1. Could you please give the count of residues in segment 78-105 that are closer than 20 Å to Gly133 by Cα, out of contact with any strand residue (DSSP E or B) (no Cβ under 8 Å at 6 or more places or on another chain) and polar (S, T, N, Q)?
2. Between Arg152, Arg103, which is outside any helix (DSSP H, G or I) and among the basic types (Lys, Arg)?
3. Here are Lys105, Lys137: which of them is under 14 Å from the mean Cα position of the chain (by Cα) and basic (Lys, Arg)?
4. Out of segment 70-89, which residues are out of contact with any helix residue (DSSP H, G or I) (no Cβ under 6 Å at 6 or more places or on another chain) and within 20 Å of Ile20 (Cα to Cα)?
5. If you go through segment 37-58 one residue at a time, do you hit one that is assigned to a helix (DSSP H, G or I), at pLDDT 95 or above, of a type outside the set (Asp, Glu) and touching a Ser or Thr at 6+ places or on another chain (Cβ under 6 Å)?
6. For residues that are under 15 Å from Ser55 (Cβ atoms) and modelled with pLDDT under 95, tally how many sit in segment 1-36.
7. When the residues of segment 106-145 are filtered to those that are among the hydroxyl-bearing types (Ser, Thr, Tyr) and part of a helix (DSSP H, G or I), which remaining residue is surrounded by the fewest Cβ atoms within 10 Å (Cβ to Cβ)?
Amino acid sequence: MTSEIIIAGFGGQGIVSSGIILAHAGMIEEKHVTFFPSYGAEMRGGTANCSVVVSSEPVASPIVANPDIVIAMNEPSLLRFEPTLKENGIILYNKTLIRSTPRRKDITVLPIEASAVAEELGQGRIANMVMLGAMAKKSNLLAIATLKKAQRKRFTKAKDEQLKLNDAALEKGYSLL
């Protein structure tokens, strides 16, 4: 089984970190993975997206043209990547920041109040972790426990308090669906 994922938003929303966490999680679960980041002209505040492929088979290319899953953290990302999503794909979007609603009827649409939930947990920048938790629940692609291990591989210099907050965000996102 192969799942192709695009995560997109503004620089500073943890887009690339989310992709790295998914890739690490896939490796922990002994799956084949690729990770391919793409940045806009600016890092923080510019557009960023990444492609992650997680598969039980070797992956031929890191390029994802028609993803199975899209995580859209901002309006431009929703508008850009909704049309590329495969039929019967899943789109999770940050309803706190995105005013429009996906229009396609042939996909699963999951509005997640990721930024609002992150603020309730005490830190707006963990909205990406909320989205990863929700994606884990809906897709059954990777276990939530594996995502917790993977975020520790990504954030090796983070304080234990931050890692626990990230875990709480993953769990909260998982519990939303």
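The values are calculated or read from the model by the stated rules, or taken from the named source; none is laboratory data. These numbers come from a predicted model, not from an experiment. Cβ placement follows ideal geometry from the backbone for every residue including glycine, while neighbour counts extend to all protein chains displayed.
1. Of the residues in segment 78-105, 1 are closer than 20 Å to Gly133 by Cα, out of contact with any strand residue (DSSP E or B) (no Cβ under 8 Å at 6 or more places or on another chain) and polar (S, T, N, Q).
2. On the way: Arg152 fails: outside any helix (DSSP H, G or I).
Matching residue, one of Arg152, Arg103: Arg103.
3. On the way: Lys105 fails: under 14 Å from the mean Cα position of the chain (by Cα).
Lys137 is the lone residue from the list that is under 14 Å from the mean Cα position of the chain (by Cα) and basic (Lys, Arg).
4. Residues satisfying the conditions are Met73, Asn74, Ser77, Phe81.
5. Restricting attention to segment 37-58, the residues satisfying the condition of being assigned to a helix (DSSP H, G or I) are none.
Scanning segment 37-58 turns up no residue that is assigned to a helix (DSSP H, G or I), at pLDDT 95 or above, of a type outside the set (Asp, Glu) and touching a Ser or Thr at 6+ places or on another chain (Cβ under 6 Å).
6. 1
7. Among them, the one singled out is Ser139.
Results for (1) of a type outside the set (Val, Ile, Thr); (2) more than 19 Å from Lys137 (Cβ to Cβ); (3) surrounded by 21 or more Cβ atoms within 10 Å (Cβ to Cβ); (4) without any contact (Cβ under 8 Å) to a residue 12 or more places away in the chain, shown as yes or no for each residue.
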{"position": "Gly14", "(1), (2), (3), (4)": "yes, no, yes, no"}
{"position": "Ala25", "(1), (2), (3), (4)": "yes, no, yes, no"}
{"position": "Asn49", "(1), (2), (3), (4)": "yes, yes, yes, no"}
{"position": "Val54", "(1), (2), (3), (4)": "no, no, yes, no"}
{"position": "Ala65", "(1), (2), (3), (4)": "yes, yes, no, no"}
{"position": "Pro76", "(1), (2), (3), (4)": "yes, yes, no, no"}
{"position": "Lys86", "(1), (2), (3), (4)": "yes, yes, no, no"}
{"position": "Tyr93", "(1), (2), (3), (4)": "yes, no, yes, no"}
{"position": "Arg103", "(1), (2), (3), (4)": "yes, yes, no, no"}
